[in-house]
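To keep things clear, I will list the structure first and then write my remarks on it.
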Amino acid sequence: METFLQSVEQVFEWIVEWAILLCEVIGVAVIVVTAIKGVAAWIKKDAHVKLMIAEGIALALTFKMGGELLRSVREWNELLILGAIIVLRALMAVMINYEIKSERRILEQMPEAPSEKPKKPIIKL
């Protein structure tokens with residue numbers, strides 16, 4: 001029975017390792033794609049570039065936070081560090097959300113609003 005439990009624990013640790021890696025890779029990929037799209041939109045002088053970048057960063061932070069949560073599940077002694085990361089992430093999310101809302105307000109008040117509304121947002125806040 002003990003060997004069975006050890007085997008289950010090893011499988012669980014393997015799954016968590018891969019899940020951490022997957023979350024981290026997705027977070028980095030979202031940041032890279034957002035940066036590329038942001039540069040392209042900036043070159044085209046798109047009025048919605050700040051909004052698009054803010055939404056991409058918020059989504060990437062969510063994936064990176066998921067990876068941190070999975071990582072901390074294995075090491076309970078780092079719970080304080082996790083708490084600090086959660087607080088920082090929450091503060092960043094609030095600031096990004098404020099930036100998104102203010103950018104939307106500015107775009108709505110523009111006298112010559114772009115003919116095309118922004119495409120479907122990456123995330124809904």
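The values are calculated or read from the model by the stated rules, or taken from the named source; none is laboratory data. Please read all numbers here as calculations on a predicted model, not as lab measurements. Cβ placement follows ideal geometry from the backbone for every residue including glycine, while neighbour counts extend to all protein chains displayed. Please note that ligands, DNA and RNA were not included when accessible areas were found on the heavy atoms of the full protein model with its side chains. Shrake-Rupley method; radii C 1.70, N 1.55, O 1.52, S 1.80 Å.
In segment 1-63, the portion of solvent-accessible area held by carbon and sulfur atoms comes to 76 percent [1.4 Å probe, whole percent, DNA, RNA and ligands not counted].
Show log10 I(q)/I(0) for segment 8-63 at q = 0.16, 0.19, 0.20, 0.27 Å⁻¹, two decimals, from a solvent-free Debye sum over equal Cα scatterers. Per q value, in the given order, log10 I(q)/I(0) is -0.55, -0.66, -0.69, -0.95.
For a protection proxy built on the mean count of beta-carbon atoms within 10 angstrom, sort 25-33, 82-90 highest first, please.
Peptide ranking by packing, descending: 25-33, 82-90.
So if we plug the beta-carbon distance of Val33 and Gln109 into 1/(1 + (r/R0)^6) with R0 = 30 Å, what FRET efficiency do we get, rounded to 0.05?
Values: r = 29 Å, r/R0 = 0.98.
The pair Val33/Gln109 has a calculated efficiency of 0.55.
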